[in-house]
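See structure below.
Please treat every number below as a calculation from the coordinates, not as lab data. Just so it is clear, the model here is predicted, and its values are computed rather than measured. Note that we place each Cβ from the backbone using ideal geometry, even for glycine, and neighbour counts take in every protein chain shown.
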Amino acid sequence: MKKFIAIICITLFSNALFCQWTQLSPTNTIEFRSLVAQGNLIIAGSEGRQVYISTDNGSTWRESKTGIESVVYVNCIAITGTGILLGTDNGIYFSTDTGLTWTARNGGLTDLNVLRLAVNGQNFFAAGNSGIFYSPGAGTSWTAVNNGINNLTMRAVFATGNYVYAGGGGGVYITSNNGANWTQINTGLPSIATAKHFTVIDNNIFVGTHGQGVYVSQIGTQSWTPANTGTTNLIIEKLITVWSNIFASTWGQGIYVTTNSGTSWSQVNSGFPSLFGKGIAANSTHIFAGGSTDFAGIWRRLLSDMVVSVDKNTNSLPTEYQLEQNYPNPFNPSTVIKYSVPKESYVRLTVYDNLGREIEKLVVGTVAAGTHKITWAPNNITSGIYFITLNAGSSLFIKKAVLLK
């Protein structure tokens with residue numbers, strides 16, 4: 001009997017240790033500002049030690065610094081279709097060999113302290129203390145695009161479909177023409193809110209603020225509503241979407257998650273003593289967080305071990321790329337488009353007319369593994385037959401949609 005009880009205790013203790021955050025060697029003593037994950041590739045940007053890269057889901061790491069020796073802070077990282085892009089305190093750098101070497105891409109940048117990057121196909125955006133910069137050539141040259149922005153202290157930039165969002169001390173701005181002009185959209189936001197990071201679920205965009213929690217808006221609209229029960233006073237550093245859940249890294253309160261689009265949030269800090277973190281990322285199996293202050297390093301946790309980490313409406317990840325028939329069809333004024341990707345992938349979801357002319361880009365960029373939905377509500381087009389196309393991986397799918405007005 002004693003042996004049986006001992007076995008139970010050992011099992012429970014082992015499970016308790018397993019179901020929590022663990023620190024990954026040899027990153028223990030390093031503070032990290034940025035993280036991205038794509039499959040087993042994990043890239044972490046540090047304070048003072050350049051970049052650390054893992055190709056085996058965080059089990060081993062190598063330091064990457066050739067070409068970025070003058071960099072102190074790696075503020076942000078973006079994985080593109082052709083390589084890895086860094087935003088640093090000394091400009092923008094690009095690598096095509098998984099971080100073995102880096103080259104500067106600073107042409108046209110008048111402010112080298114780049115705080116955030118966004119990639120939308122071949123259109124790149126950078127945010128910093130001098131506003132927003134735009135590159136239509138995958139980062140080879142940059143131009144300031146600040147028409148309509150009245151506070152150039154930018155802390156966030158995010159691209160989704162036809163829209164680009166920018167955020168900072170002036171709240172939130174939106175553009176549908178790659179920054180040729182911006183519109184301030186602060187209705188519903190606290191007047192003192194500083195926008196710090198964005199993420200999306202389906203047709204909704206969420207913004208994390210400095211000390212005012214999280215707010216949500218329908219993509220393309222101009223008003224916000226609170227989505228911050230449990231996060232009202234938090235300093236949000238980064239938001240990421242995992243399936244239909246959102247994780248938030250905060251400055252001072254650790255990691256939070258919501259499974260109901262912000263109706264409620266809960267802490268998921270078990271085993272994570274670093275309450276001050278800036279970077280967070282996830283792949284299909286794990287979530288990663290960067291620690292600061294006395295508890296530095298990269299920390300990892302299984303998504304499936306968090307009671308609220310996996311979308312309970314999804315039994316498993318899709319096994320193949322798929323584009324479903326839009327519904328309703330025929331439709332007026334809007335229709336829902338559902339598509340699936342088995343792994344994090346670069347996706348183009350586009351609408352064409354029956355003459356082959358491009359009507360609208362709905363999604364252009366990297367999306368997480370899973371099933372996604374987006375609402376298409378076309379404006380200024382006539383009744384007729386349109387074709388929804390999905391390019392993902394090596395697959396091409398086409399569905400016919402009928403608009404009746």
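Near Met154, the amide H atoms lying under 5 Å from its own belong to Gly128, Asn129, Ser130, Gly131; only residues 5 or more places off or on other chains count, and H is placed 1.01 Å from N.
If packing is taken as the average number of other Cβ atoms within 10 Å across a peptide's residues, how do 219-227, 116-124 rank, most packed first? All intermediate terms of the calculation are to be shown ahead of the outcome.
Working: 219-227: 16.8, 116-124: 20.8.
In descending order of packing, they fall as 116-124, 219-227.
Checked against a 18 Å cut-off, the cross-linked pairs Lys196/Lys361; Lys278/Lys343; Lys196/Lys278 give Cα-Cα distances beyond that limit for Lys196/Lys361; Lys278/Lys343.
Once every DSSP H run of n ≥ 4 in the chain is given -39500 (n - 2.57) and the sum is divided by its residues, what mean residue ellipticity at 222 nm do you get, rounded to the nearest 500 deg cm²/dmol?
-1500 deg cm²/dmol
Taking each residue as 0.36 nm, the span from Asn204 to Gln322 lengthens on full extension beyond its C-alpha to C-alpha distance by 40.3 nm. When the chain is described by a simple charge dipole with +1 on each Lys and Arg Cβ and -1 on each Asp and Glu Cβ, the residue from Thr88, Ile192, Trp102 located farthest towards its positive end is Ile192.
In terms of packing, defined here as the mean over residues of other Cβ atoms within 10 angstrom, the peptides 195-201, 394-400 line up highest first as 195-201, 394-400. A straight line joining the Cα centroids of the range 128-202 and the range 352-398 runs 24 Å.
Look at Thr319, Thr232 and count the other Cβ atoms within 10 Å of each Cβ; fewest to most, that gives Thr319, Thr232.
Per residue, the convex hull around the alpha carbon atoms of the chain comes to 150 Å³.
For the range 180-196, putting each phi into the Karplus relation 6.51 cos²θ - 1.76 cosθ + 1.60 with θ = phi - 60° gives couplings of 4, 8, 10, 10, 6, 10, 10, 4, x, 8, x, 5, 9, 5, 9, 6, 10 Hz, in residue order, rounded to whole numbers and with x for Gly and Pro.
Computed about the Cα centre, the dipole magnitude for the chain is approximately 500 debye when only Lys and Arg (+1) and Asp and Glu (-1) carry charge, each at its Cβ. Summary of packing: across the peptides 49-60, 102-113, 380-391, the per-residue average of other C-beta atoms within 10 Å ranks them, highest first, as 49-60, 102-113, 380-391.
The GluC sites (Glu not before Pro) of the range 29-98 that DSSP puts in a loop, and whose beta carbon has at most 13 other beta carbons within 10 Å, are Glu69.
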